[in-house]
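Since every read-out is calculated from the coordinates, none of them should be taken as a lab result. Note that the structure is a prediction, hence the values are computed from the model and not measured. In this analysis, Cβ positions are derived from the backbone assuming ideal geometry, glycine residues included, and neighbour counts consider all displayed protein chains.
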Amino acid sequence: MELLTNFIRTLSLTVIDVLPVAALLVFFQLAVLRRPIPNWKRIALGFGFVLLGLTFFLDGLESALFPIGRIMARQLSSPEFVLGAAATPAGAAWYAYIWVYVFGALVGFATTVAEPALIAVSFKAQEVSRGGLNQWGLRLAVAAGVAIGIAVGTFRIVTGTPLYLYIIAGYVVVVIQTLFAPREIIPLAYDSGGVTTSTVTVPLVAALGLGLSETVPGSNPALDGFGLIAFASVFPIMTVMGYAQLARLLAKRKLRASKEK
Amino acid sequence: MTRQTENPKTVLPKRTIDLIKNFALHVLGACRDLVPIVLVIVIFQLLVLRRPFPQVFNVVVGLFMVVLGLALFVLGLEIGLFPIGETMAEAFALKGSLFWLLLFGFGLGFSTTVAEPALIAITEEAAEVAAGGGVIAADEATMADYALGLRLTVAVSVGVAIVVGLIRILKGWPVHYLIIGGYIGVVIMTAFAPPEIVGIAYDSGGVTTSTVTVPLVTALGVGLASAIRGRNPLIDGFGLIAFASLLPLIFVMAYGMMMFN
């Protein structure tokens, strides 16, 4: 029974979320473009699937994964786990938190692989590039970026260094990479920074950041808990461009090897 | 065989069979997408917590729902969100009216963002941080005003971002000049913006792109780039989401500077 009421509540929330967009699409199609929506039954069915799918997805996450995820985030950032002591002694070294970085990275990687918005973008990218870009390669590259981002971001919380230094340094690297990366990948790489952080990743990552900044002495949860999401958006840009650069390098090497034969 | 064609009610139309086949494929894909999350949680549970799973039944039911939800979502993308986004982009290109296209883009960005639950949560938290820091009065009305102002700022900025991104596609400007220029602006503004707003601003770029917005916006960009001669859907079609995650940073910091000075 509880399952059902939860389901209905999530469904109505999703419908409210989607309603303005659907209204906008219908209004422009009928009033501005002034033509009937082609295949409108099939498209309405598709919208129904998306609504139902998101509801199942969110509800399932809420009942299966988020409770464990939150326990994980709390455990990871608790002093007993990190230092084997009931309270955090002042001045614990940054490497005492090594497992926090490792598990943070793993959580970031795993949640990004299941992120629906990323699935959508990589699906489209593979289709548009006619298979030249591999959907899985792209998704793994983004997930690796989020993993690195979370590891660096938790390190920042532990050491208490200012957020903007990291982000600005990250953008400098992005700018340099942009000069050398293949032209086709650049828009996609920039986009992937925005899609990494939605339904699955944000709740868990935010919980990790807030929990960690409560544990680390001298940090302020209201200020330091934010920012992990920013890390998860900058690093994928680098890894996606890196992935494309690596792919091009390997292709060139292969070409050279086959020429020498 | 002949009997089946004589009596179409007993046999499903080919499209429906294709739909079911696709759905089965997406279920398999969803299972694969969830492998990393399940692995991380199992490893954590067994190695770190060393406790049996709490509520195994809930977890199994939840995982089943997540798989079903992801598969439905991807199927809905294929037959609903992607086709409508692309056909509308084509129709706008045919109609040739810049005004309506840009108005549509603005509406799409604004309407999908303004009601976004993650954004509402983050603006409320931001109001508390600002009140705690003493930059705005700590009464409820002021805080609500501040949160609403922040929310509208972000929604307007996403609308403007889609408009800028669409103009870029029409003109064929390379995405990186605009984005890098934007990030330089962000860096300069970070130096002058009040510290209470910086963390929120950096995170607001990450929460704007919801699971329904991303496929629609991607389809709009790719469809438009495909419909205009001389545009490459891969190079010109992607990039809209990058603008949608960049402009909120600038707008939110500007909002903070206006409010606090």
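Here are some notes:
- Here the simple spin-label model places points 7 Å from the Cα toward Cβ, and for A:R70 and B:L94 these points are separated by 5.0 nm.
- Theoretical FRET efficiency, 1/(1+(r/R0)^6), r = Cβ-Cβ of A:A44 and A:R256, R0 51 Å, to 0.05: 0.45
- Cβ-based exposure ranking for A:F27, B:F192, in which fewest neighbours within 10 Å come first: B:F192, A:F27
- Fewest-first ordering of A:K254, A:K124 by other beta carbons within 10 Å of each residue's beta carbon gives A:K254, A:K124.
- Footprinting exposure proxy ranking of B:K95, A:K41, fewest other C-beta atoms within 10 angstrom first, gives A:K41, B:K95.
- Dipole check for the protein assembly as shown: with +1 at the C-beta of Lys and Arg, -1 at the C-beta of Asp and Glu, and the Cα centre as origin, the magnitude is about 2500 Debye.
- Nearest-0.05 FRET efficiency for A:I16 and B:L28, computed from C-beta distance (R0 25 Å): 0.20
- Shape call, the protein assembly as shown: gyration tensor on alpha carbons, a/c limit 1.5: rounded
- Between the stretch B:113-164 and the stretch B:176-193, the C-alpha centres lie 21 angstrom from each other.
- Sparsely packed trypsin sites (Lys or Arg not before Pro) within the stretch A:125-224, loop by DSSP, other Cβ within 10 Å at most 15: A:R130
- Remark: the Cα gyration tensor places chain A in the oblate category, a/c being 1.5 or greater and a/b not exceeding b/c.
- Over the stretch B:97-261, the ratio between the Cα radius of gyration and 2.2 N^0.38 Å evaluates to 1.08.
- Take the Cβ atoms of B:M257 and B:Y177, set R0 to 25 Å, and the FRET efficiency comes out at 0.50.
- Note that the stretch B:158-164 has calculated 3J(HN,Hα) couplings of 5, x, 4, 4, 5, 4, 4 Hz, one per residue in order, obtained from phi through the Karplus relation 6.51 cos²θ - 1.76 cosθ + 1.60 (θ = phi - 60°); glycine and proline are x.
- log₁₀ of I(q)/I(0) at q = 0.13, 0.20, 0.27 Å⁻¹ - the stretch A:1-63, Debye sum with one point per alpha carbon: -0.44, -0.80, -1.11
- Overall, chain B carries a charge dipole of about 1220 debye about its Cα centre when +1 sits on the Cβ of Lys and Arg and -1 on the Cβ of Asp and Glu, all other atoms neutral.
- Normalised by the number of residues in chain B, the mean separation of alpha-carbon contacts (under 8 Å, six or more apart) gives a relative contact order of 23 percent.
- As a length-normalised measure over Cα pairs under 8 Å and 6 or more apart, the relative contact order of chain A settles at 22 percent.
- Comparing A:A181, A:A189, A:A251 in a Gaussian network model of chain A, where Cα atoms under 10 Å apart are tied by springs, the biggest mean-square fluctuation is seen for A:A251.
- Cα gyration tensor shape for the stretch B:55-159, rounded if a/c is under 1.5, else prolate or oblate: oblate
- Among the chymotrypsin sites (Phe, Trp or Tyr not before Pro) within the stretch B:39-115, not one is in coil by DSSP while having at most 13 neighbouring Cβ atoms inside 10 Å.
- B:K21 paired with A:R35, simple spin-label distance in nm, labels 7 Å along Cα-to-beta-carbon: 2.9
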